[in-house]
Amino acid sequence: MRKLVFSFLLVCAVMCAAVFSPCSAFAAVERITPAELNTKLCSPNLLLLDLRDADLWEKSKIKMKCARRVDPDDVSAWIDTLPHDKEIVLYCCS
């Protein structure tokens, strides 16, 4: 329960920062359509991160082609491994 509350508060904090921050980094975040993503899948210039919960990911019959599954509850374990020279797409639907 504490982990769930912490995760909720973290998401709220990030959303508030995105809305109220004058930082231009948040303004650069764009959405991508499924059709657009489909044309870029497995491109060497794209990193697709699958942020689904481990249980949902394992039970899912659908795995995103060329995606790297990362634990959304342990961002500090993988955030420093992200390349700076690629487009990064986050997939977080269940």
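The values are calculated or read from the model by the stated rules, or taken from the named source; none is laboratory data. If you're wondering where the values come from, they're calculated on a predicted model, not measured in any experiment. FYI the Cβ positions are ideal-geometry reconstructions off the backbone, even for glycines, and counts take in every protein chain you see.
Results, tabulated for the structure shown:
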item	result
Whichever residue in the range 70-94 is touching a strand residue (DSSP E or B) at 6+ places or on another chain (Cβ under 8 Å) and among the aliphatic types (A, V, I, L, M) and, among such residues, is farthest from D50 (Cα to Cα)	L82
Residue under evaluation E30, criteria (1) of a type in the set (D, E); (2) at pLDDT 90 or above; (3) surrounded by fewer than 10 Cβ atoms within 10 Å (Cβ to Cβ), criterion not met	(2)
Set C23, C12: member being at pLDDT below 85, closer than 19 Å to V75 by Cα and surrounded by 10 or more Cβ atoms within 10 Å (Cβ to Cβ)	C12
Residue that is surrounded by the most Cβ atoms within 10 Å (Cβ to Cβ), among those in the range 35-53 that are within 14 Å of C93 (Cα to Cα) and either at pLDDT below 90 or of a type in the set (D, E) (or both)	D50
